[in-house]
Every structure is written in structure tokens, then in C-alpha cells.
Amino acid sequence: MQNVSFYQKLSLFQRQEGQISAQASKTIDMNATTAINIAHVGVHYRTQEALRDVNCIVKSGRLTGIFGPNGAGKSTLMKAILGLVPVSSGSVLYQNKFLTQQLEKVAYVPQRSQIDWTYPATVWDVVMMGRVKKTGWLRSFSAVSRQVAKNAIERVGMSEYGDRPIGELSGGQQQRVFLARALAQQADIFCFDEPFVGIDQKTQTVIFEVFHELAAANKIVLVVNHDLGESITHFDDLILLNRELIATGSRQQVLTEENLHLAYNGKVMYFSDAA
Ligand code: ADP
Ligand code: MG
């Protein structure tokens with residue numbers, strides 16, 4: 001009986017995966033896979049070692065999650081990738097060059113707690129900020145930029161809120177506005193730190209839809225998350241951290257009981273999609 005149920009579940013799961021790849025194949029950009037190469041990255045805050053010798057690859061066309069317990073160094077790894085904290089060892093390369101020398105290719109949405117929600121900006125202002133690099137300060141935004149921003153706001157379902165100050169929105173709406181700003185940047189690499197904290201179900205659905213669209217368009221999509229619930233099945237690849245790299249690779253390779261035990265020190269109940 002156990003076998004029957006296992007295979008039934010497995011085939012259900014494969015059907016779901018099949019649907020995603022069928023959708024992806026309609027829109028897929030045929031560009032070759034690109035990757036961020038993270039080699040021997042270590043980070044210290046003063047004397048405290050936050051990350052030691054992290055080695056992994058983040059591939060385009062895949063939704064990649066950075067997982068691990070509180071204080072594991074997830075945000076630190078994302079910041080190290082983007083040059084927002086100095087590395088004490090190692091390098092981060094994209095297409096054989098330092099990623100920090102090509103940050104115009106990156107869109108980054110930090111953790112909610114790092115954003116000043118009292119800043120007097122409307123939804124439209126925030127999303128247009130995503131166009132500044134393409135336009136330059138002091139130059140007026142082109143019709144193209146306005147259209148790109150408008151489309152991005154529409155994609156996240158915020159068209160009716162263009163003139164609303166961001167401080168007056170719900171947590172989920174705020175997260176969607178920042179997602180729209182990232183989309184407006186038309187980047188190759190998208191980095192999100194804990195985008196699912198403090199949001200509603202509708203927002204979670206929109207965010208995952210957009211992530212899958214970006215991956216299908218052969219973008220690099222890197223997301224810090226800590227929720228080991230059912231939503232983990234959205235991720236293709238995982239980087240499991242606890243101050244050092246515990247495991248990396250496809251979700252199926254990484255999500256073993258042993259790896260999770262190592263990362264969470266045995267304090268974890270997780271959603272298993274294999275059994
Ligand atoms: P996570 O995102 O996985 O919760 P962080 O990357 O934020 O973890 O933090 C990793 C460790 O580094 C924690 O022990 C945290 O207290 C420490 N840390 C993070 N940022 C700083 C900082 N700016 N100064 C000093 N220590 C920090
Ligand atoms: Mg964090």
C-alpha cells in the first residue's frame with residue numbers, strides 16, 4: 001500500500017512539474033544558461049564570522065532559494081553577492097567578471113525591515129525609481145520608461161493605487177510595489193530577501209507567478225526564504241546555509257532529512273514533497 005501511495009503522489013507531483021515546464025516552454029528565451037559563480041566566499045562582521053567558505057552556483061532559468069535558520073547568514077550571502085557587505089575571502093563572478101562591476105544588471109529588494117516606509121513616495125514614484133539607471137538622474141523619463149513602469153504596476157495588480165503613498169498600503173501591497181520596481185529595472189538578475197514575510201495569500205500567489213515568469217524568461221531569480229512549508233515546492237534549486245554551506249543543487253537533492261537536520265540542528269518539521 002505504501003508503494004502505491006508513494007507512486008501516486010510522485011506522479012501527481014510530476015504532473016505539476018510538467019505543467020510548469022509546458023508553460024515555460026511557451027515563453028522561454030533561448031539564450032544559453034548564465035550563472036553567478038560564488039567561490040570561497042567568507043564574511044566577517046568585525047570579529048564575528050558570519051559566513052565561511054561558501055561555494056555554489058546560481059543558474060538562470062531556475063528559481064533558486066536561499067534557506068536556513070535565523071542568523072544562518074542568508075541575508076549576508078545575498079548582500080555579499082551584491083557587494084553590499086565586503087567579503088573577507090572569495091569572489092562572486094557573473095559571465096567571468098566580478099558581479100559588483102555589473103550591478104546595472106541586478107534588481108534587489110531588501111528585507112521589509114530595511115525599507116523606510118515613511119519615505120514620502122507614491123507607488124508611481126517607487127516604480128519609476130526602477131528606471132533611474134536606464135534614464136539617469138535629472139533627465140526626464142522617456143515614454144518607454146513610463147510604459148515599462150505602467151506595465152510593471154499592472155502586472156502586480158496595483159494600477160488603481162498609482163498615486164497612493166507607499167506608507168498607506170498593506171504589507172502585501174508594499175511588497176508588490178517593490179516587485180514592480182524590480183520588474184521595471186528590466187534586469188538579468190533578480191534578488192529578493194524574505195519577500196513572503198508579512199503578506200497576504202493573494203500577494204504570495206502574484207509573487208510566485210512573477211518569479212516563474214522571470215525564470216521562464218531565462219533570468220536569474222534568487223530568493224531568501226526561511227519557510228519550509230509547502231511553498232518550498234515552487235523552488236527549483238536550493239542553497240541551504242547555516243553559517244557555511246550545508247547543501248546546494250536541485251530541490252530534490254538538497255531536501256534530505258540529513259541536510260535539514262544539519263542546517264536546523266534537528267529543530268525542524270518540514271513539508272516533504274517526495275513521500
Ligand atoms: P539571516 O538572514 O540568515 O537571518 P544574517 O545574514 O542577517 O542572517 O545574519 C548572520 C549573522 O551575522 C547573525 O549572527 C547576525 O547577528 C550577524 N549580523 C548581520 N548583520 C550584521 C551587522 N551589520 N553587524 C554585525 N553583525 C551582523
Ligand atoms: Mg535575513
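The values are calculated or read from the model by the stated rules, or taken from the named source; none is laboratory data. Here the structure is a predicted model, which is why all the values come from computation and not from measurement. All Cβ positions, glycine included, derive from the backbone under ideal geometry; neighbour counts span all protein chains shown.
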Check your understanding: Within the set of pairs 6+ apart or on separate chains, which have a first residue in the stretch 43-58 that is on the phi < 0 side of the Ramachandran plot, a second that is loosely packed, with under 13 Cβ neighbours inside 10 Å, and C-beta atoms under 7 Å apart?
Key -> N55/H40
Check your understanding: Yes or no: T233 of a type in the set (S, T, Y), in contact (Cβ under 8 Å) with a residue 40 or more places away in the chain and assigned by TED's automatic domain parsing to the domain that holds V58?
Key -> yes
Check your understanding: If you scan the stretch 87-114, which residues turn out to be surrounded by 19 or more Cβ atoms within 10 Å (Cβ to Cβ) and among the aliphatic types (A, V, I, L, M)?
Key -> V87, V92, L99, V106, A107, V109
Study note, to complete from the structure: Flagged pairs (Cβ under 7 angstrom, 6 or more apart or on separate chains; first in the stretch 75-90, over 16 Å from K105 (Cα atoms); second more than 9 Å from ligand 2 (Cβ to nearest atom) and of a type in the set (G, A, S)) are T76/A50; V87/G42; V87/A80; S88/G42; S89/G42; G90/A39; G90/G42
Review point. Has the stretch 57-67 got at least one residue that is away from ligand 1 (no atom under 16 Å from the Cβ), among the small types (G, A, S) and crowded, with 17+ Cβ neighbours inside 10 Å?
Key: yes
Review point. Do we have any residue at all in the stretch 165-182 that's in contact (Cβ under 8 Å) with a residue 24 or more places away in the chain, in contact with a Gly (Cβ under 6 Å, 6 or more places away or on another chain) and either assigned by TED's automatic domain parsing to the domain that holds Q102 or of a type in the set (V, I, T) (or both)?
Key: yes
Point to revise | Count of residues meeting criterion [more than 22 Å from G42 (Cα to Cα) and within 16 Å of ligand 2 (Cβ to nearest atom)] in the stretch 228-255 | key: 1
Practice item. Quickly run through the stretch 151-193 and pick out the residues that are among the acidic types (D, E) and surrounded by 15 or more Cβ atoms within 10 Å (Cβ to Cβ). Key: D188, D193
Check your understanding: Quick one: is I115 within 16 Å of ligand 1 (Cβ to nearest atom), out of contact with any His (no Cβ under 6 Å at 6 or more places or on another chain) and of a type in the set (V, I, T)?
Key -> yes
Review point. When you look at T205, is it in contact (Cβ under 8 Å) with a residue 12 or more places away in the chain and among the β-branched types (V, I, T), yes or no?
Key: no
Revision key, fill the gap. Scanning the stretch 53-90 for residues that are among the charged types (D, E, K, R) and either farther than 20 Å from Q102 by Cα or in a loop (DSSP other than H, G, I, E, B) (or both), the one nearest to ligand 2 (Cβ to nearest atom) turns out to be K74
Check your understanding: What's the number of the condition A215 fails, among (1) among the small types (G, A, S); (2) closer than 24 Å to Y94 by Cα; (3) free of Cβ contacts under 8 Å to residues at least 24 places away in the same chain?
Key -> (3)
Practice item. Name every residue in the stretch 91-124 that is within 23 Å of A152 (Cβ to Cβ) and part of a loop (DSSP other than H, G, I, E, B), in order of residue number. Key: P110, Q111, I115, D116, W117, Y119, P120, A121
**Study point:** Failed criterion for T118 (all others in (1) in contact with a Gly (Cβ under 7 Å, 6 or more places away or on another chain); (2) within 28 Å of R176 (Cα to Cα); (3) within 16 Å of ligand 2 (Cβ to nearest atom) hold)
**Key:** (3)
Review point. Has the stretch 32-52 got any residue that is within 12 Å of ligand 1 (Cβ to nearest atom), among the acidic types (D, E), modelled with pLDDT of 65 or more and in a strand (DSSP E or B)?
Key: yes
Point to revise | Residue check for K133: touching a Gly at 6+ places or on another chain (Cβ under 9 Å), at negative phi and part of a helix (DSSP H, G or I) | key: no
